[in-house]
Amino acid sequence: MNILTCIKFTFYSLGILFITSCSEDNDAYTPLSASTKITGLLVSIESVKNESLLSDKDFIGNIYIVGDQSNKPILFTVKKIVDGSDEKDFISFNAEIPDVRNFKFKSTFEADGQSIITLNINKQELKLQCHFRYICTDPETYGNNSITLEKIEYNGRSVIRENNLINSDIVLSLDENIFSLR
């Protein structure tokens, strides 16, 4: 090696060392990456009389969703979905993908992970535990990988994704300021 090559290598190495040593937080949230992400949630919030509470703009204004691992707000929209003659209001959002460290790999190409989403509704905190599955279907190139939201749990009850639907349909019932999963 000549002197010029040694100098370039030294500066390159020092640059990499400097950049990596300046990171603020080694425990920063880093979601697992995938080419396909199926993380959608539809949440209906109803009274015990099956009346939607999402038609009240003041009620909607008191909803705040945050991902516990990233500690960042999760944006949502209110959607009306028509099923035959039935029309229903939902809040629609994507669940927070778990941090890379929260996935347990069964093999190089399959893993399960969990994250928690906090729904703040009228000053009440509801912790939804989200279960994800990571699958890589092209092991040669690590391509065609996906992360799918498989199950949601709240207060001892769970909702499982059906028929590979993009959105999981969850109904929360409010009775005397106590929420339950239907």
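The values are calculated or read from the model by the stated rules, or taken from the named source; none is laboratory data. Everything quoted here is computed from the prediction, not taken from an experiment. Every residue, glycine among them, receives a Cβ derived from its backbone with ideal geometry; neighbour counts consider all protein chains shown.
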Residues of region 139-182 satisfying the condition of being modelled with pLDDT under 75 and under 21 Å from residue 106 (Cα atoms): 139, 140, 141, 142, 143
From the options 44, 70, residue that is at pLDDT 85 or above, within 25 Å of residue 129 (Cβ to Cβ), within 22 Å of the chain's Cα centre (by Cα) and not in a strand (DSSP E or B): 70
Residue selected from region 82-99 under the condition β-branched (Val, Ile, Thr) and at pLDDT 90 or above, by the criterion nearest to residue 116 (Cα to Cα): 97
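Each row is one residue, and each column tells you yes or no for (1) among the hydrophobic types (A, V, I, L, M, F, W, C); (2) assigned to a strand (DSSP E or B); (3) in contact with a Cys (Cβ under 7 Å, 6 or more places away or on another chain).
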site: 54; (1), (2), (3): yes, no, no
site: 65; (1), (2), (3): yes, yes, no
site: 78; (1), (2), (3): yes, yes, no
site: 93; (1), (2), (3): yes, yes, no
site: 105; (1), (2), (3): yes, yes, no
site: 111; (1), (2), (3): yes, yes, no
site: 115; (1), (2), (3): no, yes, yes
site: 119; (1), (2), (3): yes, yes, no
site: 126; (1), (2), (3): yes, yes, no
Candidate set: region 31-78, residues that are in contact with a Lys or Arg (Cβ under 8 Å, 6 or more places away or on another chain) and among the polar types (S, T, N, Q); chosen: the one surrounded by the most Cβ atoms within 10 Å (Cβ to Cβ): 44
Among residues of region 83-100, those that are in contact (Cβ under 8 Å) with a residue 60 or more places away in the chain and not polar (S, T, N, Q), counted: 6
